[in-house]
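Enquirer: Pasting a structure below so you can have a look.
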């Protein structure tokens with residue numbers, strides 16, 4: 001298994017970046033773009049997914065990383081929930097909705113796996129090295 005040295009190496013961050021790109025693309029379309037409240041909220045939640053993975057990783061401790069990953073999982077749920085509102089307003093197609101929800105679930109599962117790994121690992125992080 002390759003050593004993870006940067007947050008960019010994490011599959012969960014890579015998939016969160018793809019999700020964010022998709023969220024921005026969909027929320028740029030027609031009526032969705034004019035719903036400033038929902039558009040800004042969904043973008044904020046989406047960007048927080050990849051940002052919290054990066055920030056938690058850079059903290060240098062597994063306990064802090066776990067805390068940030070927990071927040072990240074919450075943001076995945078927030079994005080999914082907000083896309084239900086967007087679907088109800090006909091801001092996107094059913095196919096787009098399904099795709100984005102599937103991607104949110106995929107990111108959430110990757111984060112869960114990383115959280116499980118961190119809980120089991122004996123590593124404490126670079127800030128705890130003697």
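The values are calculated or read from the model by the stated rules, or taken from the named source; none is laboratory data. What you see is a predicted model, and the numbers here were worked out from it, not measured in a lab. Neighbour counts are summed over all protein chains in view; Cβ atoms, including those assigned to glycine, are modelled from backbone coordinates with ideal geometry.
Enquirer: Can you tell me which residue among 98, 15, 63 is in a helix (DSSP H, G or I) and over 22 Å from residue 4 (Cβ atoms)? Full working, then the answer.
Expert: Numbers: 15 fails: over 22 Å from residue 4 (Cβ atoms); 63 fails: over 22 Å from residue 4 (Cβ atoms).
98 is the lone residue from the list that is in a helix (DSSP H, G or I) and over 22 Å from residue 4 (Cβ atoms).
Enquirer: When both residues are 6+ apart or on different chains and their Cβ atoms are under 6 Å apart, which pairs have a first residue that lies in the range 69-82 and is within 13 Å of residue 46 (Cβ to Cβ), and a second that is surrounded by fewer than 18 Cβ atoms within 10 Å (Cβ to Cβ)?
Expert: As it stands, the answer is 80/101, since those pairs meet every condition given.
This table checks each residue for (1) out of contact with any strand residue (DSSP E or B) (no Cβ under 6 Å at 6 or more places or on another chain); (2) loosely packed, with under 13 Cβ neighbours inside 10 Å; (3) modelled with pLDDT of 95 or more.
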{"position": "1", "(1), (2), (3)": "yes, yes, no"}
{"position": "19", "(1), (2), (3)": "yes, no, yes"}
{"position": "48", "(1), (2), (3)": "yes, no, yes"}
{"position": "64", "(1), (2), (3)": "yes, no, no"}
{"position": "85", "(1), (2), (3)": "yes, no, yes"}
{"position": "99", "(1), (2), (3)": "yes, no, yes"}
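Enquirer: Tell me which residues, restricted to the range 23-42, are buried (at least 16 other Cβ atoms within 10 Å of the Cβ) and in a helix (DSSP H, G or I).
Expert: 23, 26, 27, 32, 38, 39, 41, 42
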